[in-house]
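This report concerns only the one structure given below.
The values are calculated or read from the model by the stated rules, or taken from the named source; none is laboratory data. Everything numeric in this text was worked out from a predicted model, so none of it was measured. Don't worry about glycine lacking a Cβ; one is built from the backbone with ideal geometry, like all the others, and counts go over all protein chains shown.
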Amino acid sequence: MPKKRGQRAVRKKKRRAKKVRQSARRPRKQRAVTKNDQALRQHVVKLLDWRDAHIGFDQVIADWPAELRAAKPAGAPHSAWQLLEHLRIAQWDILDFCRNPKYKELDFPAGYWPAGDAPPTDDAWKESLRAFRADLAALQKLVANPATDLFAPIPHGQGQTILREALLVADHNAYHLGQLLLLRRLLGAWPAD
């Protein structure tokens, strides 16, 4: 028995030494991808998709009545169209900042909101939904990519990181998604439970 234990210990030591040698041969950046890094990426991608803590975007926006897209009940500062377009524009702007070294900041606040309460056409509403979903998927892909350094300052920024920007999008989207849900309830357009 003692002889077998000794042999197992020697094999275990050799395996450990082999792993260390292999790890040392990998580029530094590749070694940095750990289980924790992968878990963080998965959590952020999931956070951007909402569904754990509250209702998702597609549930809130699904079959929004066309006649209520410009409606604002008493005391409501924004219509559904304004909130949807603001979500789309702000998310696109943050994604553009993350990817584009020639990024140009929009005028605040005017550049982040549509001009009117109503979508100009039914197709404008559909296009806004499509673009919002596409940009969200692009941000999720950027975060999930192991080649993306989540903690490195964005070169053309002022200390911002991809991680910070992804968390900003998740927070901003969740806030306005809550506004959309409340607006829909106030308009009496939320499906009965």
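Asp149 meets each of the listed conditions (1) farther than 27 Å from Ala70 by Cα; (2) assigned to a helix (DSSP H, G or I) apart from (2).
The single condition from (1) among the hydrophobic types (A, V, I, L, M, F, W, C); (2) over 30 Å from Asn36 (Cα atoms); (3) loosely packed, with under 15 Cβ neighbours inside 10 Å that Val60 fails is (3). Would you point out the residue of the stretch 130-152, among those that are crowded, with 17+ Cβ neighbours inside 10 Å and hydrophobic (A, V, I, L, M, F, W, C), that is nearest to Val60 (Cα to Cα)? Across the stretch 130-152, the extreme among qualifying residues is Phe132. Against the definition (more than 16 Å from the chain's Cα centre (by Cα), buried (at least 17 other Cβ atoms within 10 Å of the Cβ) and in a loop (DSSP other than H, G, I, E, B)), how does Trp81 come out, yes or no? The answer is no for Trp81. Scanning the stretch 87-110 for residues that are within 27 Å of Leu187 (Cα to Cα), of a type outside the set (A, V, I, L, M) and surrounded by fewer than 19 Cβ atoms within 10 Å (Cβ to Cβ) turns up just one, Pro109.
For the residues Leu68, Leu48, Leu95, the requirement of being closer than 22 Å to Lys141 by Cα and either touching a Ser or Thr at 6+ places or on another chain (Cβ under 9 Å) or at pLDDT below 95 (or both) singles out Leu48. Counting only residues that are under 14 Å from Arg99 (Cβ atoms) and of a type in the set (A, V, I, L, M), the stretch 153-165 holds 2 of them.
It is to be established whether one or more residues within the stretch 113-127 are in a helix (DSSP H, G or I) and buried (at least 18 other Cβ atoms within 10 Å of the Cβ). For the stretch 113-127, residues in a helix (DSSP H, G or I) and buried (at least 18 other Cβ atoms within 10 Å of the Cβ): present.
All of Pro155, Pro191 fail the test of being surrounded by fewer than 17 Cβ atoms within 10 Å (Cβ to Cβ) and not assigned by TED's automatic domain parsing to the domain that holds Ala70, apart from Pro191. Residues of the stretch 169-178 include at least one that is out of contact with any Leu (no Cβ under 6 Å at 6 or more places or on another chain), surrounded by 15 or more Cβ atoms within 10 Å (Cβ to Cβ) and closer than 22 Å to Glu67 by Cβ. Set side by side, the residues Leu167, Leu180 differ, and just one is outside any loop (DSSP other than H, G, I, E, B), at pLDDT 95 or above and within 23 Å of Ala39 (Cβ to Cβ), which is Leu167.
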